[in-house]
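Sharing a structure here in structure tokens format.
The values are calculated or read from the model by the stated rules, or taken from the named source; none is laboratory data. Please read these numbers as outputs of a predicted model, since none were measured by experiment. Cβ sites come from the backbone with ideal geometry, for glycine too, and all protein chains shown count toward neighbours.
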Amino acid sequence: MHINSLLAFDEERSKLNNRCQRILRVIEKYPNSSDRDVLRELGGQDMNMVRPRITELIKRGLVVETGTMRCAVTERKCRTVGIPKFEHVNQLKMFGL
């Protein structure tokens, strides 16, 4: 990924509302989390607290779907999400990202 893409990622991240920022921090801390995992970590009860925000983060390119898993509650397949992989980690450090 080009350094301009990394800078755009950081700029887009700074525009997020508080809930999206909290969700993004959880996903960074626990990659390959399901929506329900994120909800549980935030202490929420309603899936609508996180699902629309995670979808928004995906559309903005700040989060990617990483796979699927079986939900422990519903026993249905659900998505897992994570942070996009950046190839130029040294460039990120150089720019303080």
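Got a sec? Which of VAL38, VAL26 is touching a Leu at 6+ places or on another chain (Cβ under 7 Å) and either assigned to a loop (DSSP other than H, G, I, E, B) or modelled with pLDDT of 90 or more (or both)? Walk me through how you get there before you give the answer.
Details: VAL38 fails: touching a Leu at 6+ places or on another chain (Cβ under 7 Å).
The conditions single out VAL26.
Report every pair of residues separated by at least 6 positions or lying on different chains whose Cβ atoms are under 7 Å apart, first residue within the stretch 49-62 and of a type in the set (Val, Ile, Thr), second assigned to a loop (DSSP other than H, G, I, E, B).
Note: pairs meeting the criteria are VAL50/GLY44; ILE54/VAL63.
Please go through the stretch 60-82 and give me each residue that is more than 30 Å from SER14 (Cα to Cα) and not in a strand (DSSP E or B), ordered by number.
Selection gives CYS71, ALA72, VAL73, THR74, GLU75, ARG76.
Now, a different point. Whether any residue in the stretch 56-70 is of a type in the set (Gly, Ala, Ser), surrounded by 18 or more Cβ atoms within 10 Å (Cβ to Cβ) and within 23 Å of LYS85 (Cα to Cα) is what I want to check. Outline the logic, then answer.
First, pick out the residues of the stretch 56-70 that are of a type in the set (Gly, Ala, Ser): 61, 67.
Imposing the further condition that a residue be surrounded by 18 or more Cβ atoms within 10 Å (Cβ to Cβ) reduces the set to none.
Checked the stretch 56-70: no residue is of a type in the set (Gly, Ala, Ser), surrounded by 18 or more Cβ atoms within 10 Å (Cβ to Cβ) and within 23 Å of LYS85 (Cα to Cα).
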